[in-house]
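Bear in mind that the values in this text are calculations on the coordinates, not laboratory data. Computed from a predicted model, the values in this text were never measured in an experiment. Ideal geometry is used to build each Cβ from the backbone, glycine not excepted, and the neighbour counts take in all protein chains shown.
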Amino acid sequence: MATDTSLPTTGASSPPRLGGRSRLVLFVLCAAQFMVALDFSVLNVALPDLGRDLGMSPSSLQWAVTAFALPSGGFLLLFGRVADLYGRRRLFLTGLAVFGAASLLATFAWDPASFLAGRALQGLGAAVIVPTGMSLLTTTFPEGPQRDRALGISGTLLSLGFTVGMVLGGVMTDTLGWRSTMGLLAVFTLILLPLAPGLLPESRTPRRPRLDVPGAVTVTGGLLAVIYALSTAAERGFGGTDVIVMLVVGVALLTAFAVVETRSPAPLVSLPMLRRRTVAFGNLGGLVTFSMMSTVIFVLTLYLQETLRLSAFRTGLVFGVQGVLSAIAGTLTARVIGRFGARRVLTVALAGQGLFVGALLGLGAESGALLATVGVSLASVCHLGAIISYGLTVTSGVPDEEQGLATGLVTTTQQVGITVGIPVLGVLATTQSSLFDGVRLVLALDAVIVLAAAAVLAVGLRRGQD
């Protein structure tokens, strides 16, 4: 399917209009991304009820999250490349089917093993959906205002899905039970699967080089080991033997992967691509914005409920405001990027995120709900700008036959960012003499890291240098 070339595709003063078919394609792809983002957070509030129902101990509940995070992060690069070689549409539809079946299994799980199997298969489906959906989007909509707008909508729904999941998960658990959170995801796939085959174009690289099996094994194994270690450390700290061993194994495998790629005739990751400034620094910006914003949301949730003693519902309202403002900002981001460029917007958005997180240091031990609402909402607006602009920065100028690889890097950065932020930085909030002091320490470090990254990107993404 071709894009609507008859429609306006230039001009920064107003977003380009899309035809009816292009809007349906965008709906399917963005709805799939929203569904995966929803899955990251919709179950969090339901974990205590889930544990009581299935007989899972509090210490084992972390696996409800880890079972999803392991395959969803570990297999992203592999499936992004497989989609380039064997068909993005075909793999996207397969991912949707796996995700839907897994959601049904998790909905009707009868014991911990069946539930965790469903979560792991959901993660595997997500590892297929995310890179193939992104590469279908970037190959369907031409580089320029149309792609800017499409990625703007996708980024908005990605951010909104995470926030909506936090609010919706609590409401659904209280009214319908924890199983409804998994059933909702199954309903999503039942809506999308009949629409996708007739709308989405098939695309693949014109030639089919051999799949880099040694590279696939080392990078997938390395990512799985690192994500397992970081996810486990979020619950038990970095002192555990299994955490240390898996970190060492992960680093060793990722090092081996780098060596393998220098010798492979058909590398899984193109080293010349990684040497492009836009790819290297764009992914750095993505890693920082995702990891640091997930940390802010984590510590603010603790602050609002444990320090200010707000109810789960009132805490959800704080993040609901954040989601509404982010959605509004998403409608304007493409216009801003069209005028100033993705690289500049990425740098400024990161700086804004850091400044607004820094403003949260004014929170008090007995009051601060209003400042928390305003601060996290404005930081999230900047965060959304960084999400959209980093995706555009990384994928701009990349040939269509390598878009699956480029978007695989984008989505791997996103997943790793979400995974590493809380265990690396967020756990400091719970290890200080008081939770309030811990929250302030984390917010201060968070702001410094984001502002430092913005400074690095300002130098690294100078126009005209790749």
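Some observations on this one:
- Label-point gap, in nm, between Gln305 and Leu274 - each point 7 angstrom along Cα→Cβ: 3.9
- The calculated FRET efficiency for the pair Leu428 and Thr262, based on their C-beta separation and a Förster distance of 35 Å, comes to about 0.40.
- This ranking places Tyr228, Tyr86 by how few other beta-carbon atoms lie within 10 Å of each, fewest first, which gives Tyr86, Tyr228.
- Of Met35, Met172, the sequence from fewest to most neighbouring Cβ atoms within 10 angstrom is Met172, Met35.
- The Cα atoms of segment 212-267 give a gyration tensor whose axes a ≥ b ≥ c have a/c of 1.5 or more with a/b greater than b/c, which makes the shape prolate.
- Whether segment 235-350 is rounded, prolate or oblate, judged on the alpha carbon gyration tensor where a/c under 1.5 counts as rounded: oblate
- Once both labels are positioned 7 Å from their Cα atoms along Cα-to-Cβ, the gap between Leu370 and Arg90 label points is 6.0 nm.
- Each peptide in 126-133, 347-354 receives the mean, over its residues, of other Cβ atoms within 10 Å, and ordering these scores from highest gives 126-133, 347-354.
- Neighbourhood charge, 14 Å Cβ-Cβ cut-off, centred on Thr295 and excluding it, Lys, Arg +1 and Asp, Glu -1: 0
- Rounded, prolate or oblate (a/c below 1.5 giving rounded, otherwise prolate when a/b exceeds b/c) for segment 19-203 by Cα gyration tensor: prolate
- Taking a Cβ cut-off of under 12 Å around Val28, the surrounding Lys, Arg, Asp and Glu residues balance to a net charge of +3, with basic ones at +1 and acidic ones at -1.
- Simple spin-label estimate for Val251 and Ala113 gives 3.6 nm between the two label positions (7 Å along the Cα-to-Cβ direction from each Cα).
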